[in-house]
Each structure stands twice: as C-alpha cells, then as structure tokens.
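> Right, I'll just put the structure down here and ask away after.
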Amino acid sequence: GSWHFVMEDEKCVIPEGMEDRFEHLPLECSHLYLAIEGKLAAVICVEDPLREEAADAVRELKEAGITKVVMMTGDSERTAAAIAKRVGVDEYYSEVLPEDKASFVEKEKELGHKVIMIGGINDSLALSSASVGIAISDGAAIAREIADVTISADNLHEIVTLKRLSTALMKRIHNNYRTIIGINGGLIALGVTGIIMPTTSALLHNMSTLTISLRSMRNLLPKEEEA
C-alpha cells in the first residue's frame, strides 16, 4: 500500500541499515510499499510519465483567464511535490481520496468560485460536483458519462482551446445582445416619433437581424489557434 497505510496505519518499520536506500527513491515515480511481518521489504516504483504538454497547458490556461490551477493526486507527498513543481500549478494536494476531491470542489463553489474539474474514473464524484466536469476521451467510460464535456483528442492543449472558445463565444453573445438592443431601441424610437414608417422599421429590423446572424457565423478563433 501507500506510505501512509504501511508506515503510519500499520506501524511498519524500515530494516536497520536500509534507511538511506528507502529515503532516496525516484521522486517521479509512484511508490507502492511492501512490508512483511511489520518490516518494509521493498518498494515498487511505478512510472507514470508526465504528459509532455502539461506544463505548457497549465501556463496557457492561466493566460486564458483561469485564476488558480490545483492538482489533486493519490500519490505520496514527495511525488506530488516533484510533479507540481514541474507543471507549475498554484496548489497541490497529495494522498487525496475521491471523496476528498469532491469536498474540495464543493468548498470552492461555496466560496463563489466556478470550478472546472478534469479527471478520470477515480474522479467521478468530483466531476459531477464541479461547475464543469471534463473527461479525456481515452479515460474511463464512467468518467465520460458523468462529465459535462469530453475532449476527443488525447492532448491537454484541447482544454485550452475549449476555454478560449467559450470565452470568445460569450463575448460574441454579449456583443450581439447589446447591438440588437441598440438597433431595436433606435428603430422603436424612430417609429414612435413618426420619423420612419412601420414598414421601413420592419425592413431595417430584419436586415439588422440577418447581418448580425451572418457576422456570428465567423470563426470564434483564428485558424492557427483552432489547429
């Protein structure tokens, strides 16, 4: 089991003279501790390589408007600290259980934050609790079912693209709303004062609606960003 389970809960000890060896395990690996009759016998180091694009994706998410990036993992403190430093997250939590992740999401929402959760099968509860749950296509089926959004490509940069798309879409919606209110308000005022005929007002209204609709069909992002 984990260090917490084997060494703290089960009170196992490191054999005399082996302390230095067990204290200098590779930080980039997840560690599975094996104890026999109360003594630590071995550590299985499981390599779970960091995605090459992880650090860039975190940086780009911050540039896109995400104010805080948090990493939560079931790995040990030493492994979590090493990965968090490489990725550049704002906060990290180690040896976290699935229910702890969901509790963290709920607390952040209570503080008035919008929470985006990206995870897999062990994160189903947190995904359902988040404002927006995101699953990667190669993840577990249950995670894809629960998540609000599934990223089809196996690449974290797609999450950055999703954020930029959503931001650009909401900006366009608000701009269109203000434009429509302004045009319709002006046409109503001109019609009430008798400056233009009702038929002219209707024609201008339909033309403005068509123009705004056509303008809204433009790509939200430049071609290079979508690629």
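The values are calculated or read from the model by the stated rules, or taken from the named source; none is laboratory data. No experiment lies behind these values; they were computed from the predicted model shown. With ideal geometry, Cβ positions are generated from the backbone for all residues, glycine too; neighbour counts draw on all protein chains shown. These accessible areas exclude ligands, DNA and RNA; they are computed on the full protein's heavy atoms, side chains included. Shrake-Rupley method; radii C 1.70, N 1.55, O 1.52, S 1.80 Å.
> For the stretch 143-156, which residues satisfy the criterion of being in a helix (DSSP H, G or I) and exposed (fewer than 14 other Cβ atoms within 10 Å of the Cβ)?
To start, the set of residues in the stretch 143-156 that are in a helix (DSSP H, G or I) comprises 143-146.
If the condition is that a residue be in a helix (DSSP H, G or I) and exposed (fewer than 14 other Cβ atoms within 10 Å of the Cβ), then GLU145 is the only one that fits.
> Next up: Looking only at the stretch 36-66, which residues are out of contact with any Phe, Trp or Tyr (no Cβ under 6 Å at 6 or more places or on another chain), farther than 25 Å from GLU158 by Cβ and open to solvent by less than 40 Å² (accessible area, probe 1.4 Å)?
Step one: list which residues in the stretch 36-66 are out of contact with any Phe, Trp or Tyr (no Cβ under 6 Å at 6 or more places or on another chain), which gives 36-42, 44-66.
Adding the requirement that they be farther than 25 Å from GLU158 by Cβ leaves 36-42, 44-46.
GLY38, LEU40, ALA42, listed by residue number.
> Against the condition modelled with pLDDT of 90 or more, closer than 30 Å to LYS109 by Cα and acidic (Asp, Glu), how does GLU77 come out, does it pass?
no
> If you don't mind, there's one more thing I want to ask. Considering only the stretch 7-35, how many residues are open to solvent by less than 80 Å² (accessible area, probe 1.4 Å), at pLDDT below 90 and within 20 Å of ALA80 (Cα to Cα)?
Going through the stretch 7-35 one residue at a time, the tally reaches 8.
> Have a look at THR200, THR209 and point out the one that is out of contact with any Ser or Thr (no Cβ under 8 Å at 6 or more places or on another chain), part of a helix (DSSP H, G or I), among the polar types (S, T, N, Q) and open to solvent by less than 60 Å² (accessible area, probe 1.4 Å). Before the answer, list the steps.
Details: THR209 fails: open to solvent by less than 60 Å² (accessible area, probe 1.4 Å).
Testing whether each residue is out of contact with any Ser or Thr (no Cβ under 8 Å at 6 or more places or on another chain), part of a helix (DSSP H, G or I), among the polar types (S, T, N, Q) and open to solvent by less than 60 Å² (accessible area, probe 1.4 Å) leaves just THR200.
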